[in-house]
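K.L.:
Take a look at the following structure, please.
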Amino acid sequence: MNAAISGSARAACPAVFIAAPASGQGKTTVTAGLARMLRNQGKVVRVFKTGPDYLDPQILAQASGEPVDQLDLWMAGEAYCRQRLYEAARQADLILVEGAMGLFDGEPSSADLAAMFDLPLVIVMDVKGMAQTAAAVVTGLAAFRDDVRIAGLIANACGSQRHRELIEAALPSSIPFLAAVARDAGLALPERHLGLVQAEEIREDLESRFEAAAAALLAEGLAETLLDLPPVTFVASPTSAIDALPSLEGVCIGVARDAAFSFIYQPNLDLLERMGATLRFFSPLSDARLPPCDALWLPGGYPELHAERLADNRAMHSEIRRFHAEDRPILAECGGLLYCLETLTDIGERTHAMLGLLPGQGAMRGRRGCQGMQTAELPEGPVRAHAHHRSMAEGTPEPIGHGRRQRHPAPGEAIYRDRRLTATYLHLFFPNNPTAVARLFAPEPVRPHTLVEFEDSNACN
């Protein structure tokens, strides 16, 4: 630990990292169940999600009753992650961090994040169709790297008491068997083409699933097990991104937020408010007028599921077209980009008129998609971001630039600019470069500069 960190403020509480050997093992179901179990006991549980995920944090926030932030060493940087964990430890009885994909997948991986902050790993594994082999897989995960430590196994989709006994007997003594979760469709979280169904759409259904999972995990004694873990010490970052922020004082930003536009990082909202901006939310689905504002943010979401209603809201079309014609700033990301095109063809292959701020046609493309980490090379400065979509945009104008892929030389997602409209498939992580974000939303255009990213943001290049 360097001298600057060693002299920083500290906070400690029990913490675990929920990981798995692969996607689809039940990490979110278990993490949500654990959060609700402890919340029901009056404990404060702070939950984080690894990677650039919008849907899981919605689920986890409802389960825990607390805000859920993303932790990503490449997109956000070590200093940002360190500060968020420290702040959580100051108020929480327990911290849960849900991993992404398999434990060692990606660069940086879930294992990299767990190792950096010395978080003990709880492995969640779907054990359907295996018994002793589950123990072999967990043993292999534990031995793959010497900088991670496994606190135990939760066997998901366990078929019977005998099934549990076979797995538990095969585990080495160094890896505790923490719990078995029975195969139960009533516990699984509903999914669709981009991942889990949004929490707001199935709020009541989720409540019954959370309570069922919490009861199952409580019966396994996991409340005591987790709360009795040795505290993990978190150290405040000496280079916190909240220092010396640019100002958006007096700037009002209209943010589209409804069932069609909901892919919003909570840290993005928090940053805009810390810079002094006032946020006013509106619904392109149901509102006839924009709120009084100086800039617009049209985030990603599911416009393809609501294209007919978006097309029918002609009043909102007129409002946003007028806003664009007045040369005021608009940021349109992914679903927001589709909304700005001339047409959008939905999953049912029906074509609907959109805003027409940019030439082009958007359409869904089945199961094929694009995802990955990229840096948005904007005239205002580089901002780290990610792409995740199963649509395509055709007939679009010449882009002003492209995203720079994390580890591949090919050009990334196109970035379009028309007047003050910036549109791209990329979802920007605002805390990575607040100066560039402030320039994007400033009412008056700012002369572009070559910017330097935060000192910690390229730690995992």
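The numbers here are math on the coordinates, done by the rules we state, and not lab data. Everything numeric in this text was worked out from a predicted model, so none of it was measured. FYI the Cβ positions are ideal-geometry reconstructions off the backbone, even for glycines, and counts take in every protein chain you see.
K.L.:
When only C-alpha pairs under 8 Å and at least 6 residues apart count, what is the relative contact order of region 234-333, in percent?
P.N.:
Across region 234-333, relative contact order equals 31 percent.
K.L.:
With contacts defined as alpha carbon pairs under 8 Å and 6 or more residues apart, what's the relative contact order of the chain in percent?
P.N.:
After rounding, I find 15 percent.
K.L.:
Determine, for M75, M354, the number of other Cβ atoms within 10 Å of each Cβ, and report the residues in order from fewest to most.
P.N.:
M354, M75
K.L.:
Could you work out the relative contact order of region 1-147? I mean the mean sequence separation of Cα pairs under 8 Å and 6+ apart, divided by the number of residues, in percent.
P.N.:
Across region 1-147, relative contact order equals 35 percent.
K.L.:
For the chain, with only Lys/Arg (+1) and Asp/Glu (-1) charged at the beta-carbon, what is the dipole magnitude about the Cα centre, in debye rounded to 20?
P.N.:
280
K.L.:
For region 377-387, take each phi angle, set θ = phi - 60°, evaluate the Karplus expression 6.51 cos²θ - 1.76 cosθ + 1.60, and give the result in whole Hz per residue in order, putting x for glycine and proline.
P.N.:
Calculated HN-Hα couplings, in order: 8, 9, x, 7, x, x, 10, 6, 7, 8, 10 Hz.
K.L.:
What angle, in degrees between 0 and 90 and rounded to the nearest 10, separates the Cα long axis of helix 203-219 from the longest principal axis of the Cα atoms of the chain?
P.N.:
Rounded to the nearest ten degrees, it is 20.
K.L.:
Here is a further query. Is region 273-395 best put as rounded, prolate or oblate by its Cα gyration tensor, with a ≥ b ≥ c the root eigenvalues, rounded for a/c under 1.5, and otherwise prolate when a/b is larger than b/c, oblate when not?
P.N.:
Note, shape of region 273-395 comes out oblate.
K.L.:
Taking only Cα atoms, what is the 0 to 90° angle, nearest 10, from helix 78-89's long axis to the longest principal axis of the chain?
P.N.:
Helix 78-89 and the main axis of the chain meet at about 60 degrees.
K.L.:
Taking the 0 to 90 degree range and rounding to the nearest ten, how far is the long axis of helix 55-64 tilted relative to the main principal axis of the chain, both from C-alpha atoms?
P.N.:
60
K.L.:
If you don't mind, another one. Only four residue types carry charge here, +1 at the Cβ of Lys and Arg and -1 at the Cβ of Asp and Glu. Report the dipole size of region 252-441 about the Cα centre in Debye, rounded to the nearest 20.
P.N.:
360
K.L.:
Between (i) 93, 52, 39; (ii) 150, 53, 37; (iii) 68, 55, 44, which matches Cα extents along the principal axes in Å calculated for the structure shown?
P.N.:
Answer by label: (iii).
K.L.:
When the label point is put 7 Å from the Cα of C252 along its Cα-to-beta-carbon vector, which residues of region 281-317 have a backbone N closer than 18 Å?
P.N.:
Of the residues in region 281-317, 281-284, 287-298, 316 have backbone N under 18 Å from the label point off C252.
K.L.:
Another one. Would you list which lysines come within 20 Å of K27, measuring only between C-alpha atoms, while excluding same-chain residues fewer than 8 positions from it?
P.N.:
In chain and number order, the partners are K49, K128.
K.L.:
In whole Hz, with x marking every Gly and Pro, tabulate ³J(HN,Hα) for region 327-343 from phi via Karplus 6.51 cos²θ - 1.76 cosθ + 1.60, θ = phi - 60°.
P.N.:
Whole-Hz 3J(HN,Hα) from phi for region 327-343: 6, 9, x, 9, 10, 10, 10, 6, x, x, 4, 4, 5, 7, 6, 6, 9.
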